[in-house]
Amino acid sequence: MNPWLNALGLQRLVTFVQFGRRTREHEQERAKANRHLMLALEEEKHFGKTFAAWLRTIALVAVAILLPFTNPRLEVVYYEVLLLVFFVIGWAQLRLAQVGQSRSELLLIFADLVLLAIVLLVPNPFSHDTWPTAMQYRIDGFMYFFVFLALGTLAYSWRTVLAITTWTAGIWLVGLVAIHFFGLRMPELSAAVANALNGWARIFETIDPNATNVPLRVQEIIVLLIVGTVLALKSWRANQLLMRQAELAAERTNLSRYFPPSMVEELASRDNPLAEVRSQEVAVLFADIVGFTRIAEKLPPDRTITLLRDYHAVLADIVFHNGGTLDKFLGDGIMATFGTPQTAPDDADRALKAAREIVVATDRWNAEKTKEGLPPFPISVGVHFGPVVLGDIGSLDRLEFATLGDTVNVASRLEGASRELGCRVVVSDSVVRQIAAHHAGEKVPDDGFARHDGLRLRGRDKPIDVWTA
């Protein structure tokens with residue numbers, strides 16, 4: 001620790017400045033890594049600055065209108081011009097507003113505070129009245145610094161709020177020193193007032209025209225520092241909450257890569273997840289790449305993973321586009337559900353539509369990859385409709401939202417049965433019946449599907465009727 005800094009009491013100030021710099025750098029790193037956070041900070045900054053600029057403009061217009069009534073002299077033009085300068089500075093701050101440190105903004109803020117100090121402490125040069133400079137304190141204009149501080153809280157970070165506070169304290173202190181030692185003094189006024197208040201020394205000390213009332217000025221500075229620090233802490237807390245909300249938004253976006261928005265809301269709104277288990281009818285879809293192990297043997301591992309990720313993205317887009325939930329990736333395949341978390345009359349329709357789109361998309365994918373000299377991805381799809389159990393499994397530390405039941409097993413078996421049936425899509429008759437029920441009994445077009453009765457599935461005693469394509 002520097003002994004000179006410690007002796008002057010500045011070591012803590014230096015430490016605090018370093019803390020502020022480290023905090024800013026950390027927030028900037030978090031913002032760069034989180035698109036939602038950057039957008040949230042930009043939106044908050046834009047809203048705060050715009051709101052503060054309009055409030056400031058309204059206040060300036062109100063003061064400009066009232067000034068001629070409170071000071072009906074030609075000298076009031078001086079203050080009207082200064083109000084116009086305040087107006088220009090305010091909208092320049094709005095134009096230059098940006099997330100992060102901006103020296104241009106800080107310079108304009110400092111100019112704001114200096115200009116306000118000039119208005120409050122420097123006598124009007126166009127006034128015909130001459131009085132001691134200390135009389136400027138009788139206007140009691142220090143309160144306007146609190147207005148600027150409040151507007152800064154709306155528009156700036158906690159570090160800038162602290163800067164406004166310390167700058168204001170410093171400017172007011174410099175003004176006090178300048179007036180106390182170099183201001184115009186008129187001793188004859190003090191003598192006249194003292195003579196009139198003979199025997200009333202306390203009152204004379206209060207209204208002495210040449211007195212700067214240093215204790216009162218110091219009190220103003222201390223109160224400003226206290227209020228500014230509290231507002232800065234509140235601004236810091238609000239900023240932390242904003243960043244946390246942005247991070248939660250990013251987490252929800254990550255969830256939406258696996259679940260539709262309705263499922264994300266369902267999972268996020270649960271307070272007691274393990275207590276919620278329910279049964280409902282849904283459509284379950286399994287899709288798998290046939291012979292993927294043999295395909296992977298011929299490709300480098302990194303190339304295999306890249307291709308699989310790209311293909312999974314195609315399948316996921318189809319599932320989400322049709323309002324399904326991507327339950328899980330199964331190595332080279334996927335499991336998707338239609339009707340979770342909430343059921344709809346067209347769940348089976350959307351599942352069958354997704355199955356058809358998977359086949360079409362796979363054909364398009366294979367055509368492109370074949371041109372690149374890569375082997376095609378043969379796809380098999382199984383779809384079944386029936387009752388399942390929905391709920392969270394695991395522990396409170398590690399949960400998984402699961403879809404369980406015989407319907408899931410049957411859908412998986414139907415996907416596997418496509419090999420022996422020599423087709424790419426196997427749909428249970430329950431899916432077709434559900435679609436027919438949704439269409440009020442109208443005949444469901446087969447669109448290339450052929451019916452197969454009595455299909456026996458591995459692990460099941462009772463055969464089922466299916467449709468293949």
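The values are calculated or read from the model by the stated rules, or taken from the named source; none is laboratory data. Note that this is a predicted model, so its numbers are computed, not measured. Positions of Cβ are generated from backbone atoms using ideal geometry, with glycine treated the same way; all protein chains shown enter the neighbour counts.
Listed conditions (1) closer than 30 Å to Ile207 by Cβ; (2) part of a helix (DSSP H, G or I); (3) modelled with pLDDT under 90 are all met by Ile118, apart from (3). Restricting Arg103, Arg138, Arg95, Arg159 to residues that are touching a residue at least 12 places away in the same chain (Cβ under 8 Å), of a type in the set (Lys, Arg) and assigned by TED's automatic domain parsing to the domain that holds Ile65 narrows the list to Arg159. The residue of the range 302-360 that is farthest from the chain's Cα centre (by Cα), among those that are surrounded by fewer than 15 Cβ atoms within 10 Å (Cβ to Cβ) and closer than 16 Å to Gln280 by Cα, is Pro345. For the range 148-162, the criterion of being over 22 Å from Leu231 (Cα atoms), among the hydrophobic types (A, V, I, L, M, F, W, C) and out of contact with any Phe, Trp or Tyr (no Cβ under 6 Å at 6 or more places or on another chain) is satisfied by no residue at all.
Suppose we filter the range 126-147 for residues that are outside any helix (DSSP H, G or I) and more than 18 Å from Thr229 (Cβ to Cβ); how many remain? Residues meeting the conditions: 9.
Quick one: which residue in Leu151, Leu224, Leu233 is in the same structural domain as Thr50 (by TED's automatic domain parsing), modelled with pLDDT of 85 or more and either farther than 26 Å from Arg56 by Cβ or crowded, with 17+ Cβ neighbours inside 10 Å (or both)? Talk me through it step by step, then tell me what you get.
Numbers: Leu151 fails: modelled with pLDDT of 85 or more; Leu233 fails: either farther than 26 Å from Arg56 by Cβ or crowded, with 17+ Cβ neighbours inside 10 Å (or both).
None of the other options fit; the residue is Leu224.
Listed by first and then second residue, the pairs linking a residue in the range 74-89 that is farther than 13 Å from Pro125 by Cα and in the same structural domain as Ile58 (by TED's automatic domain parsing) to a residue that is among the acidic types (Asp, Glu) and assigned to a helix (DSSP H, G or I), with Cβ atoms under 9 Å apart and 6 or more places separating them unless they lie on different chains, are Phe86/Asp112; Ile89/Asp112.
Among the residues of the range 179-198, which ones are under 30 Å from Ala111 (Cβ atoms) and either free of Cβ contacts under 8 Å to residues at least 24 places away in the same chain or touching a Cys at 6+ places or on another chain (Cβ under 8 Å) (or both)? Full working, then the answer.
Our first condition is that a residue be under 30 Å from Ala111 (Cβ atoms); within the range 179-198, this holds for 179-185.
Within the range 179-198, Phe181, Phe182 meet the criteria.
Between Leu66, Leu82, the distinction of being assigned to a helix (DSSP H, G or I), among the hydrophobic types (A, V, I, L, M, F, W, C) and surrounded by 12 or more Cβ atoms within 10 Å (Cβ to Cβ) belongs to Leu82 only. Of the residues making up the range 177-215, just one is more than 16 Å from Pro123 (Cα to Cα) and basic (Lys, Arg), namely Arg202.
What are the residues in the range 181-221 that are assigned to a helix (DSSP H, G or I) and either of a type in the set (Gly, Ala, Ser) or outside the structural domain of Ser157 (by TED's automatic domain parsing) (or both), if any? Don't jump to the end; show me each part of the working.
The first filter runs over the range 181-221 and keeps only residues assigned to a helix (DSSP H, G or I), leaving 181-182, 187-196, 201-207, 214-221.
Residues satisfying the conditions are Ser190, Ala191, Ala192, Ala194, Ala196, Ala201.
The set of residues in the range 447-469 that are in a loop (DSSP other than H, G, I, E, B) and either out of contact with any strand residue (DSSP E or B) (no Cβ under 9 Å at 6 or more places or on another chain) or of a type in the set (Asp, Glu) (or both) comprises Asp447, Gly448, Arg458, Gly459, Arg460, Asp461, Lys462.
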